[in-house]
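Bear in mind these aren't lab numbers, they're just calculated from the coordinates by the rules spelled out. Keep in mind the model is a prediction, meaning the values are calculated, not measured. Every residue, glycine as well, gets a Cβ built from its backbone with ideal geometry; the counts of neighbours run over all protein chains shown.
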Amino acid sequence: MFVTDPAGLALSDAEKASLDRDGFLVRERVFDAAECAEIAADCEALCRSVIAQSHGEKHRVGAYMFERQPDLHMYVKWEPDFPDELQGLEPFAHLSEPLRAWAGDERFLTPCREICGQGGIVLWTEKLNLKRAHRGGRYILHQDFPYWTRENPVADRVATAMLFLDDSTRENGSLEAAPGSHRQGVQPLRDVDGFGSREMEPSRFDHSRLVALEVPAGSVVYFGSLLVHRSLPNRSDADRRALLYSYQPAGHPHALDLARARLRDG
């Protein structure tokens, strides 16, 4: 069931208060089992296609292992501890019409308009995160803002909707968020060169503030770019996959358009 009518999806006063206080909002079982299975099948098809075109040129950059695929106009992330295991894709909507279409579902859009602060929003980027059973690694403590602000002038108003395609538990590496951290601006960053300079300095953050967001498959977590969050490794026997659509105020280019312009301009 693809939802395009925003009627009935508006945030309640309690949800608005929760979003303002915590910096994130959880809605459980927004998508049903059949929808999750359909979306997951499209995700796995995309993964197989990308893996088939892998060049094998993988590089450690900060806490991640990337493979740049300029012909696909995307970044491919591999598990640093298992370099043959795919960790994630970004952006991907231009390579999958079904996954691009889901970005227009009002179950994503309506809450994200509240975070962006205006009615007209468009995609900024989209990510597929994979945590394979026993091999899916951690996502380091971070805010999205430092990764985006150099290219996006409205990075502080970007809203992300994260759909869990599988049950999310502590054992399989659930998302962990720090309530209220979005109110504290940009956290101290690592004093290093290059891509790693966009990573948070973990020793300067109180990790006891983090709470695990354990939710059933089909649930969506909505949050802004200044929320501090992370996820731990998957130690379970099942995958933990998540699809993330990040939206920005209308009138600004998609991250893919910026990447293509850089390639065109040399």
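Laid out as a table, the results:
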quantity	calculated
For Ile39, Ile51, Ile115, order by how many other beta-carbon atoms lie within 10 Å, fewest first	Ile51, Ile39, Ile115
Net charge dipole size for the range 79-118 [Lys, Arg +1 and Asp, Glu -1 on Cβ; Debye, nearest 20]	380
Under 24 Å between alpha carbons - lysine pairs in the chain that sit 8 or more apart or on different chains	5
Fewest-first ranking of Val215, Val228, Val192, using other Cβ atoms within 10 Å as the exposure measure	Val192, Val215, Val228
Lys, Arg +1 and Asp, Glu -1 on Cβ, resulting dipole of the range 14-265 about Cα centre, debye, nearest 20	540
Interchain or long-range residues, amide H under 5 Å from Met65's placed H	Trp78
Furthest towards positive pole of dipole, Gln87, Trp102, Ala155, structure part the chain, Cβ charges	Ala155
Pairwise Cα inverse-distance average, inverted: Kirkwood Rh of the range 14-265 (Å)	18.4
Debye, to nearest 20: dipole size of the range 10-55, +1 on Lys, Arg Cβ, -1 on Asp, Glu Cβ	160
Distance (nanometres) between label positions extended 7 Å along Cα→Cβ at Glu57 and Arg170	4.4
Spin-label model distance (nm) - Asp84 vs Asp237, 7 Å beyond Cα toward Cβ	2.3
Mean Kyte hydropathy of -1.0 or more with a Cα span along the axis of at least 18 Å, helices from DSSP in the chain	33-52
Residue exposure sequence - Tyr64, Tyr245 - by fewest surrounding Cβ within 10 Å	Tyr64, Tyr245
